[in-house]
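Report on one structure; see the data block that follows.
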Amino acid sequence: MLDRLSQSDRVSAVGAPLALLATFLPWYHFDTESTRVTQNAFGTGFLGDVLFFTAVGTILLLLVRHQVIVVRNTLPMREGQAFFTLGCVGFAAVVLQMLIGVNGSGAFHHMTLGIVVAFLAAGGMAVGGWLQREADAPRRPLHSRR
């Protein structure tokens, strides 16, 4: 089965589950007077949810693409564009969350490993989508003769 996967599928297949895992890792920490409070993607606002759903969407697209999940009635779509859109939306959500912080606390305050993993994984999803989009694009000749 692994030899059926293209390079873009492999990149997306690594990035999407990693992004899904990163949503459960702590993204931010705060020290109160007596304890340390950590927040994962779901505690930071809706942008963490966006990353979760883009990762799930990418995994579902991979499963449909390789006919693990069979869809009988489909709309004509370009798979590469769907992969690229999901990757870019996930990446934008992570970058925006990094800039906003938790509750508007500002950029890069109290970040932990989870958001760094999410950043790398969402970037991998975007790169995998870009590779797939490029593979789906029709080839144009370099020089056309008339």
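Overview of results
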quantity: Theoretical gain in end-to-end length, E33 to L21 [0.36 nm per residue, Cα-Cα removed]; calculated: 1.3 nm
quantity: Coordinate range along principal axes, alpha carbons of the range 9-92, Å, largest first; calculated: 57, 21, 20
quantity: Residue-normalised accessible area of the range 5-63, expressed per residue, 1.4 Å probe, Å²; calculated: 50
quantity: Apportionment of accessible area to carbon and sulfur, the range 14-82, percent (1.4 Å); calculated: 63
quantity: Burial ranking of peptide ranges 65-73, 52-60 (average Cβ count within 10 Å, highest at the top); calculated: 52-60, 65-73
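The values are calculated or read from the model by the stated rules, or taken from the named source; none is laboratory data. All values derive from a computational prediction rather than experimental measurement. Cβ: placed from backbone, ideal geometry, glycine included. Neighbour counts: every protein chain shown. These accessible areas exclude ligands, DNA and RNA; they are computed on the full protein's heavy atoms, side chains included. Shrake-Rupley method; radii C 1.70, N 1.55, O 1.52, S 1.80 Å.
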